[in-house]
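Colleague: Input: one structure, supplied below.
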Amino acid sequence: MSPRDHQNARARATRDDVARLAGVSSAVVSYVINESKHVSPATEARVREAIEMLGYQPNPAARALRLGSTEAIGLVLPSLANPLFAGLAEEVEREATRHGLDVLIATTDITGDDGMSHIRHFARRRVDGVLLCTPMSDAALAPLRQAGVPIVFLNASMVHGIDAIGVDLEAGARVAVGHLADHGHRRIGLVIGTYRDGTRDAREDGWRAALDERGLEAGPVLRVDFGMAAGYRAGHDFADMTDRPPAVFISADQQAIGFLRALAERDVRVPEDIAVASFDGSPLGQYTWPSLTSVSQPIQEMARAAVKAIVHHDEHTAYTGFAPTLVARESCGCGEPEA
């Protein structure tokens, strides 16, 4: 038999072939593969040896059909370059593993089609659910709905009619701006991210509410993209202002990291010339110079709730919000450098 014929024979091996070689029933082979029922160690060893000898590969599509489950969920992220989303992906994978689920990760920055190709792919595979960390229109979600695939938004504001998990953006912004005010700043600016669909960011509402509660003056508002490059440009804009505010709230850590770099290039001191607080609680914040004061999101709890919403998707359709926590560091005027 040629090497290719041998390879083809291995590829064509069936569960019945494994059963004959191991001297057991095909049901026992299934028990071993699926770990669904106990078999003796000796029998399991024979079955696994036969699987190895024959190169038997279970058919995942057939298994999914039998179980009514693909034992996998999809996770769509804007990007893995952002530590927040990388951290969410890690926590989702950890939690999904506890439920015996694999995680198929896709990012919209790769396809350039706002994730539509990923959505169609997940729908064709009939995954057990899809977690979305990026806004999507009803039309974009149609393939999942038609396939009966549960959808959960993660890191989201309230979404009507779909399970959603997120943090209270408005409350987090109010905490951050209130903290800047507690440092004595009476005029506080805003750098706020924008969404492609024009959705208003609740962090702007929180910034405004905190100012109104304290009778403070609103500083300049810059609307920019999310990301370090946009924050870097905003930092230069603030550095050039003749009437620069003494403090600024920034809607995301990635923006704030670029913002701090720009101010350093222009010899604008933080927090002496301008105090900075942001949102997300990225681990990178403790290594910026100065270290970044930020509102932290409880990503472990959010990931756990998101996977639970997929596993128990028939139980409810609701929004689950988590409270953010302020991590005060040097950029606002608090603390010493962290080790």
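Colleague: Averaged per residue, what accessible surface does the range 160-300 expose to a 1.4 Å probe, in Å²?
Modeller: Here the residues of the range 160-300 average 42 Å² of exposed surface.
Colleague: Please name whichever of 235, 284, 307 sits farthest to the positive end of the charge dipole of the range 227-307, dipole taken about the Cα centre and charges placed at Cβ: Lys and Arg +1, Asp and Glu -1.
Modeller: Farthest towards the positive pole: 307.
Colleague: Only one of the listed values, (1) 25.9, 86; (2) 20.9, 64; (3) 22.6, 76, was derived from the coordinates as Rg and Dmax of the Cα atoms in Å; which label is it?
Modeller: For Rg and Dmax of the Cα atoms in Å, the calculated option is (1).
Colleague: Excluding residue 22 itself, calculate the net charge of residues whose Cβ lies under 13 Å from the Cβ of residue 22, where each Lys or Arg counts +1 and each Asp or Glu counts -1.
Modeller: Local net charge: -1.
Colleague: Magnitude of the Cβ-charge dipole of the chain, K/R +1 and D/E -1, about the Cα centre, nearest 20 debye?
Modeller: It comes to approximately 1320 debye.
Colleague: Something else now. With all protein chains present, calculate the accessible area of residue 232 using a 1.4 Å probe and round the result to the nearest 10 Å².
Modeller: Estimated to the nearest 10 Å², residue 232 gives 80 Å².
Colleague: Using a Förster radius of 35 Å, what is the FRET efficiency between residue 138 and residue 33 based on their Cβ-Cβ separation? Nearest 0.05, please.
Modeller: Using R0 = 35 Å, I get an efficiency of 0.30.
Colleague: Right, something else. What's the carbon and sulfur percent of the chain's accessible surface, probe 1.4 angstrom, rounded to a whole number?
Modeller: Reported share for carbon and sulfur atoms: 50 percent.
Colleague: Within a Cβ distance under 13 Å of residue 296, other residues only, what is the Lys/Arg minus Asp/Glu net charge?
Modeller: Residues close to residue 296 contribute a combined charge of -3.
Colleague: Mind ranking 207, 289 by accessible surface for me, highest first, 1.4 Å probe?
Modeller: I get 289, 207, largest accessible area first.
Colleague: Counting only DSSP beta bridges with both residues in the chain, tell me the antiparallel percent, nearest 5.
Modeller: For the chain, the DSSP antiparallel bridge percentage is about 10.
Colleague: Rounded to the nearest 20 Debye, what is the dipole magnitude of the range 192-315 about its Cα centre when Lys and Arg each give +1 and Asp and Glu each give -1 at the C-beta?
Modeller: 200 debye
Colleague: In addition: Within 10 Å, Cβ to Cβ, of residue 165, how many net charges do the neighbouring residues add up to if Lys/Arg are +1 and Asp/Glu are -1?
Modeller: Every neighbour counted, the sum reads 0.
Colleague: Something else about it: From the residues 257, 84, 143, which one has its Cα farthest along the dipole of the chain in the positive direction, the dipole being from +1 and -1 charges on Cβ of Lys/Arg and Asp/Glu about the Cα centre?
Modeller: The one lying farthest along the dipole's positive direction is 143.
Colleague: In addition: Is any residue of the range 266-298 close enough, with backbone N under 17 Å, to a label point placed 7 angstrom from the Cα of residue 236 along the Cα-Cβ axis, and if so, which?
Modeller: Within reach of a label on residue 236, which here means backbone N under 17 Å from a point 7 Å along Cα→Cβ, the range 266-298 contributes 266-268.
Colleague: Continuing with this model, one more query. Report the convex hull volume per residue for the range 104-236, counting only C-alpha atoms, in Å³.
Modeller: In the range 104-236, the Cα hull volume divided by residue count equals 124 Å³.
Colleague: If you build a Gaussian network model of the chain, linking Cα atoms that sit under 10 Å apart, which residue out of 302, 228, 53 swings the most?
Modeller: Residue with maximal mean-square fluctuation among 302, 228, 53: 53.
The values are calculated or read from the model by the stated rules, or taken from the named source; none is laboratory data. Treat the numbers as computed from the prediction; the structure is a model and nothing was measured. When we count neighbours, we look across all protein chains shown, and the Cβ atoms used for this are built from the backbone with ideal geometry, even at glycine. For the accessible areas, the whole protein counts, side chains as well, though only heavy atoms, and no ligand, DNA or RNA atoms are used. Shrake-Rupley method; radii C 1.70, N 1.55, O 1.52, S 1.80 Å.
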